[in-house]
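Colleague: Just passing along the structure, written as C-alpha cells.
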C-alpha cells in the first residue's frame, strides 16, 4: 500500500485533533489523580473534570448535572434503554446498538422510505398505549440522511399530553443517537425536542471509548454498571478524566467551526459526487440528497463486488467503506440498504465515502481519479 493514505471513512472513526490531544496530555501524567480522592491535587482534577462537563453541556444547550459520561455511544444507548419496561419504537435502519437494545423489549421497527427517511407519520402509527421509548438517530450513519427529528418530537409530545389528559401516567420519551451529526448539525437538545441524546467523542475528533448520555431530569434510567456511584450513581467506575477533557475540547472546536467545516465538506463531497457520476452515469446515489450530512456520499455501482473494489482502493492508498464498520467487519450485506429496498446487485456494489478534517481539494481530486480507475478495471474484469 502507498505510504500516502487518503482516508475517506470519517463516519467510522476520526483522528484525534492535535488541540484535543494537547488538552488531554497533562491528565495522563502530572494530573493523574483520582478525582474522588480528598487531597488538594485530586480536588483540582475533579474541578477540571466538572468544568469539562460544563463545556460539553453548553455545546448541546443543557446542564452538566444532566450528563452521564460513558465509554462510548453503545454504552450510552444501552443506558437510555435501561429504564424501559414497555414497548419501544425505533426504525429498521438504526445503528446495531439501538437495534440490539430494542430487541430486548417488545418493539416495533418502523420502515424508512427509499431515501432513508423515517417519517413522523410512521412513528405515530407505530406508537402503542404501552410505548415508553422512541429511538431515532439524528442522521443515519451509512446514508447520511438527516431525520425529521423535530417532527418526530412533536408526535411524542402530543402522545405524552394525550396520556396526561386521559389520566394515563405511562411515560413516553424520545431518544436520539446524534453521534454522526455532531460537528455538522445543530445538536441543541431543546431545539431538537428530545428527552435523551447520545454522543460519541470518537466521531468528533476526540478520543475513543468516551461518550455521553444526556437525559432530561424527568427521564428514568437505571444503572447498568454499579460500584462506587460515580455519575450520579448511573455509571460507576473511576472517571475517565483525560477522555472527558478531550471530549470537551473536541466539542468546543466543533461548535466553533461547524458552519465553515460543513460548507467545506459539502463543496468537496459534491465535487467528488459529480466526478463519479459523470464517469459512471448508471451509478446509484442513495440517501436523501437534499437532507444529508455534508461529508457523506453513498454511491453504488450495480453489478460490481464492492469488497473487491475496497481492497483494490486500499492497495492504492484510498480507504473507504462498504457500509458501517459494524456490518463490514462481519462481511454481511448492510441492513440499511436492505431496509430501503436497494436491489442486491446494487447494494453489493456500494461504497460509503465519508469526508472530514483530513479531506482537501488535492486529495479528493486524487481519490476521485483512483476510484474511477479501479471501478473501470472491475467492470472490465466482470465483463470477461
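Colleague: Considering only region 150-159, state which residues are in contact with a strand residue (DSSP E or B) (Cβ under 7 Å, 6 or more places away or on another chain) and surrounded by fewer than 24 Cβ atoms within 10 Å (Cβ to Cβ). Don't jump to the end; show me each part of the working.
Modeller: Pass one, region 150-159, residues in contact with a strand residue (DSSP E or B) (Cβ under 7 Å, 6 or more places away or on another chain): 152-153, 156.
Within region 150-159, 153 is the sole residue that qualifies.
Colleague: Let me ask another. Given the residues 80, 37, 64, 100, which is the only one that is without any contact (Cβ under 8 Å) to a residue 24 or more places away in the chain and under 17 Å from the mean Cα position of the chain (by Cα)? Walk me through it before giving the result.
Modeller: On the way: 80 fails: without any contact (Cβ under 8 Å) to a residue 24 or more places away in the chain; 37 fails: under 17 Å from the mean Cα position of the chain (by Cα); 64 fails: under 17 Å from the mean Cα position of the chain (by Cα).
100 is the lone residue from the list that is without any contact (Cβ under 8 Å) to a residue 24 or more places away in the chain and under 17 Å from the mean Cα position of the chain (by Cα).
Colleague: Filter region 172-227 for residues that are more than 11 Å from the chain's Cα centre (by Cα) and in a helix (DSSP H, G or I); which is surrounded by the fewest Cβ atoms within 10 Å (Cβ to Cβ)?
Modeller: 190
Colleague: Looking at (1) more than 20 Å from residue 10 (Cα to Cα); (2) at pLDDT 95 or above, which one does residue 311 not meet, given that it meets all the others?
Modeller: So residue 311 meets the others, but not (1).
Colleague: Sticking with this one: When residue 52 is evaluated against the numbered criteria (1) within 24 Å of residue 287 (Cβ to Cβ); (2) crowded, with 24+ Cβ neighbours inside 10 Å, which criterion, by number, is the only one it fails?
Modeller: (1)
Colleague: In region 298-309, is there at least one residue being over 30 Å from residue 83 (Cβ atoms), in a loop (DSSP other than H, G, I, E, B) and in contact with a strand residue (DSSP E or B) (Cβ under 8 Å, 6 or more places away or on another chain)? Spell out the reasoning first.
Modeller: Restricting attention to region 298-309, the residues satisfying the condition of being over 30 Å from residue 83 (Cβ atoms) are 298-309.
Still in the list and also in a loop (DSSP other than H, G, I, E, B): 301-305.
If we keep only those that are in contact with a strand residue (DSSP E or B) (Cβ under 8 Å, 6 or more places away or on another chain) too, we end up with 301-302.
The answer is yes, given that some residue of region 298-309 is over 30 Å from residue 83 (Cβ atoms), in a loop (DSSP other than H, G, I, E, B) and in contact with a strand residue (DSSP E or B) (Cβ under 8 Å, 6 or more places away or on another chain).
Colleague: Could you look through region 314-334, keep only residues that are at pLDDT 95 or above and assigned to a helix (DSSP H, G or I), and pick out the one that is nearest to the chain's Cα centre (by Cα)? Working first, answer last.
Modeller: So the first thing to find is which residues in region 314-334 are at pLDDT 95 or above, and the list is 314-321.
Next, only the ones that are assigned to a helix (DSSP H, G or I) stay: 314-315.
Details: 314: 24, 315: 28 Å.
Result: 314.
Colleague: If I go through region 228-254 residue by residue, how many of them are buried (at least 23 other Cβ atoms within 10 Å of the Cβ), in contact with a strand residue (DSSP E or B) (Cβ under 7 Å, 6 or more places away or on another chain) and at pLDDT 95 or above?
Modeller: Selection size over region 228-254: 1.
Colleague: Just one of the numbered conditions (1) in a loop (DSSP other than H, G, I, E, B); (2) assigned by TED's automatic domain parsing to the domain that holds residue 138; (3) at pLDDT 95 or above is not true of residue 282; which one?
Modeller: Looking at each condition in turn, residue 282 falls short on (2).
Colleague: Check residue 306 against each of (1) within 30 Å of residue 375 (Cβ to Cβ); (2) in contact with a helix residue (DSSP H, G or I) (Cβ under 8 Å, 6 or more places away or on another chain); (3) buried (at least 20 other Cβ atoms within 10 Å of the Cβ) and name the one condition it does not meet.
Modeller: The failed condition is (2).
Colleague: Could you tell me whether region 136-149 includes any residue that is in a helix (DSSP H, G or I), closer than 25 Å to residue 337 by Cα and touching a helix residue (DSSP H, G or I) at 6+ places or on another chain (Cβ under 6 Å)?
Modeller: Of region 136-149, the ones in a helix (DSSP H, G or I) are 149.
In the following step, the residues that additionally are closer than 25 Å to residue 337 by Cα were identified as 149.
Within this subset, residues satisfying the condition of being touching a helix residue (DSSP H, G or I) at 6+ places or on another chain (Cβ under 6 Å) are 149.
Yes, region 136-149 contains at least one residue that is in a helix (DSSP H, G or I), closer than 25 Å to residue 337 by Cα and touching a helix residue (DSSP H, G or I) at 6+ places or on another chain (Cβ under 6 Å).
The values are calculated or read from the model by the stated rules, or taken from the named source; none is laboratory data. Given the structure is predicted, the values throughout are model-derived calculations rather than measurements. Every residue, glycine as well, gets a Cβ built from its backbone with ideal geometry; the counts of neighbours run over all protein chains shown.
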